[in-house]
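What follows draws every value from the coordinates through simple rules; no lab data is involved. From a predicted model like this one, the values you see are computed outputs, not experimental measurements. Ideal geometry is used to build each Cβ from the backbone, glycine not excepted, and the neighbour counts take in all protein chains shown.
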């Protein structure tokens, strides 16, 4: 295997830029062949190099590589487009001398060569859509060696350096770069609350007012810091303004075609008012989500209280698991249903651009996540604790369900009078969501899919072998599916490619959502248990590595996307800090100080007006502080943003100077002579004046402007007037 | 006077573009003469035409006109600058064929020729500053004829048309254009609440919940509408992005000089952190303002209550005026003091750009205005009415003051037990501020200055005549101040110019502030008396005309300024609607329904928690609705914004097409031939292949890419693979 290792060292992926996965099963073979020819011709005409290998039983792998010349031209076009949209400041150098700066740019440009519409200079391949239905996937190949090296390096350090973030961006594009930069910033920022929270927990316990204030302030500063950091990074990575360039959604269904007055082109429009009407459906949807999830969560919650605190019948040690099982089974199911409803709703809203579509979907998903993640704790804090005395007796209804299974004495024993509010329930719940659930999430997200994939591959291999053994009897061929045997030296490579093609597609949204929800626990509930930031700090060290592992091993390599923000999740972070100011102050008022706890464990002297007043003040102080932090942050310009501004300024200055110079040079010397030495008052000049005066005598304006010739004469007259005025001392003397 | 009327008809202002007011009293005559020569030479070198006349005893009038050629060049430069800063979309046509589009552009460009720094192609005149201390004013001349015509036209119609707003902008620049457009939008928007408020007042009286909701909603919609309208107008007037171009403040004192890494130039910097420290002084300042004004207002208020409702002594009918007189005298004085402190503070904060300076000052002025305008009503509503029972007895202290003047029986008669809260006080106060104060304001702002000016001119004329009579005895000259007699035909013109030069400078901020405060009454207190919008509707019809009258007659003509917004006042409008949601809900809860009124006129059953809960809900509903309205509004693109976007798009498309074309044309035909017909598999070609293969045999990547020659071969192999796969039916058969 000397050749293979050499290949690893040289061009690990045999210099393949993209692999197109071409499915030929649907609708018919002849159609597939015709389409394949069309596709290959189009690619070849765009100047791309092609190789074809077999994929699996129903697909081909089309390997694509862009030769230097074509690539450079495409890079040039892409940069010109950037320049026109104001993403670049400087007009790009000519096509002949241009080079892609990074692997991500190279891949992005090549993908654009294939997917941009023909009018914009691309081939116009639209995977899974329209006439290109057979093209199911377009993917670059993982650079496993580098990936493994990074994984190894990162596992031995605490923070990623700026250069390492740059490397991620260079390899995977700005979209992933922004995610990892965010994760890294968040992780780094967590040091402070982790340390401070630990001290507070040690010295002051839960519900400390100092911790709450510091925590809120920290959350505000972090969100505002990240906003600045986005500007900084987008300047550093030259993607500032990229999100302003919106891309048309392919699925957009225009209501009518309209001639655009400004551009003169026909374009499909969908009336904004109609879309707004459709968007109104979000209100019933949010209500549905709240009620649907709320009922499930509240019921399970009630069952749990009933079993754990009222029920004294048999099997109690087993029954306590029922609510947990119910929640684990029902909530994800309900969420999945709601998310599919949300997607349908979002499709129905018929957005014109991908950006608007994604933002709208993110909003809806956030509502669902907010409810599933925070409602249980909110219920405990603001319903169970203050109202348990009134609610618990009503849980009798569950006794009806239990009765058939339990003897009479046991039923009688479930007596409400003994009921006592569990003072640790709130804390335990917060610990569950911020520690246990995070670990479970990690397992579900990273470990389980890996195991599943491994098992699936093994199963497939076994199946194939089994089939082959069977087929051996029927046909002389070694294997019917391997008509074209892979060349020996490509075998390993092709096996890897076939595996990668099978992997699911990675979307960064999912990971961002997870971080955003995690941040929410911190902003909303960490006063309950100040170790929350410490737990997250540890968790996120792993999170960053495991996310990278996940991307490298469990997903196909994502096409590089350009971004200048983490998108709608940023707004959600801001929103969560806001809600946090309300919940924290309310929690603090209700639970701080032990004296408040009554005989049954519930806080006794909660006064409605005092609670509301603390919320009112906390919220408005939050808003004022946020405003102050925003203004302060806006003043400090991050280094790359300043650099970018400087470049723009210089470019303008150069251009302006050149236009000024042209004008100044042409007649300067000659003009100055005339200006400084107007024609002397010779006889001819006077006659000329008189003539011109009489000519223009009908126009008082011309006469007005003819009185003084040149600035020297004006100066003479002006100084005459000045000299003739009495100075103060003269004026006094006169009097 | 035939010539004068003719001048009116032709070029009313004798084609004068600008008048420079040159003061030669300070520091000495010789210095003044030298500076004058320098000034005239600089102006002449910039290509401007000059005439000099005498101003008054200590000043010269320098008339400036820009000849066509120089003007066109300056217009070109200005447009290139706009283009570089992204204000224009299209590169301007060459200097020779360019013309200023409007009078405002003409004047703006000429002013820039005089005031821009020499590095940017101007003369660099800085009025009242540095070496140009003698230049005290630079002003264009009023076009009285047009002004009078417009005043006359507008007095006969309800709304200004879009064309009339364009005309204002064409003549006075975008800054004034935006003010009048705002005033007009506001006025037009007031129709609805005026009508609705009138019906509510007639049918439901004050404190109607329907009116309050509608009013808040209206305020939100109006503010958001105006934000859209700003975009629309800035596209229409081609000033979009103008506020991003910041101008350096001349008074800025850098702490140190630093070489800018990006531009390589030295520039003065002032550390942002230091400025922030200075800005912290705003907090004590705001407290000072609140306390200072609060004490005055509260004291006068207490005195008023004491006199009007407790005091029964002699002279009561006269004494009731004392608090009014005190307020009228003390509040403006205190405001003036505070504003001068605010200005000092603002200077101290040492802003780098004029925009930042103005915004910071506007913020401070807004705080002062907020207190002076709304505090009296807030005191009545939220202190006097609920707490009068406890406070009024303490007003006894005033009795001590009164005692010396009053007989003992009278003092005894001031008995608190009879005290009854005046239920109409709140309403009367709102009426005072929204009707009476508006009328008084109009008089103070427009009528009084006009009368004062008229009187001052008469006095000056009288004085001069008087002096002349006196001087006649001393000297043979007719008048010592009129050394240079004006030519007969210019007399009237120069008299007018001398008058205009004397007028104060107009700033649009003052008028915007007034409107903003007015809007605040509407947002904060109109539920008390639903006729408020009707009163403002009538008032603003007059306001628009009187403001224009004021600008034309009582101020010198403002230099045209470009703006794309009404600036910080927009934020203040938003802030006021927010505060309005709080005050309205509180007022509504406290005062709606008569049943709440107790025996002494105070509302009896105000519950703290209920009040706070209504505020909490009202505020958050407000925020949600505002968010919804914002999103909805953002979707609807105003026509000119769409047009602007279309233009930008077309420009980009043209450019891109041209770059694509160049590339495509050069080798297209030839290339396609090669691509579609790769060299046939001749003996030579095969040998060549073999040779190349052996050459590259060490590189597996090259071997990989050499397997298929051209897309036709790939297609052949691909279709071979496809055909060789068993179809579903075949596969079934096999099994």
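Projecting 7 Å from Cα along the Cα-to-Cβ direction, the label point of residue A:136 sits 8.6 nm from its equivalents in the other copies, listed shortest first.
Label-to-label distance for residue B:322 and residue A:322 is 7.9 nm, based on points extended 7 Å past Cα in the beta-carbon direction.
With neighbours defined as other Cβ atoms within 10 Å of a residue's Cβ, the residues B:337, B:365 order from fewest to most as B:337, B:365.
Report the calculated FRET efficiency for residue A:458 and residue B:707 (r = Cβ-Cβ distance, R0 = 30 Å), to the nearest 0.05. After rounding to 0.05, the efficiency reads 0.45.
Stretching the chain fully between residue B:126 and residue B:97 yields a gain of 7.4 nm (0.36 nm per residue, less the alpha carbon separation).
A Cα-only calculation for segment A:15-141 places Rg and Dmax at 15.6, 50 Å. Provide the FRET efficiency to the nearest 0.05 for the residue B:162-residue A:387 pair, computing r from the beta carbons and using R0 = 56 Å. It comes to 0.40. In this label model, residue B:444 and residue A:45 are separated by 7.7 nm, measuring between points 7 Å along each Cα→Cβ vector. The calculated Kirkwood hydrodynamic radius for segment B:122-176 is 14.0 Å, given to one decimal from all distinct C-alpha pairs. Take residue B:314, push a point 7 Å out from Cα through the beta-carbon direction, and compare it with the same point in every other copy: 10.2 nm, smallest first. Multiply the residue gap between residue B:188 and residue B:30 by 0.36 nm, knock off their C-alpha separation, and tell me the result in nm, one decimal place. That works out to 51.1 nm of additional length. Taking R0 as 22 Å, what's the FRET efficiency between residue B:637 and residue A:655 from their Cβ-Cβ distance, rounded to 0.05? It comes to 0.10. With 0.36 nm allotted per residue and the present C-alpha distance subtracted, the residue A:299-residue A:353 stretch has 15.4 nm of extension available. Note on A:150, B:711: ascending count of other Cβ atoms within 10 Å places them as A:150, B:711, the fewest first. 7 Å along Cα→Cβ for the label point: how many nanometres lie between residue B:28 and each equivalent label in the other copies, listed shortest first? Distances to the matching label points in the other copies: 10.7 nm. Please compute the contact order of segment A:226-371 in relative form: average sequence separation of alpha-carbon pairs under 8 Å and at least six residues apart, divided by the residue count, as a percent. With pairs under 8 Å counted, the relative contact order is 31 percent. Going from the fewest other Cβ atoms within 10 Å to the most, the residues A:113, B:114 appear in the order B:114, A:113.
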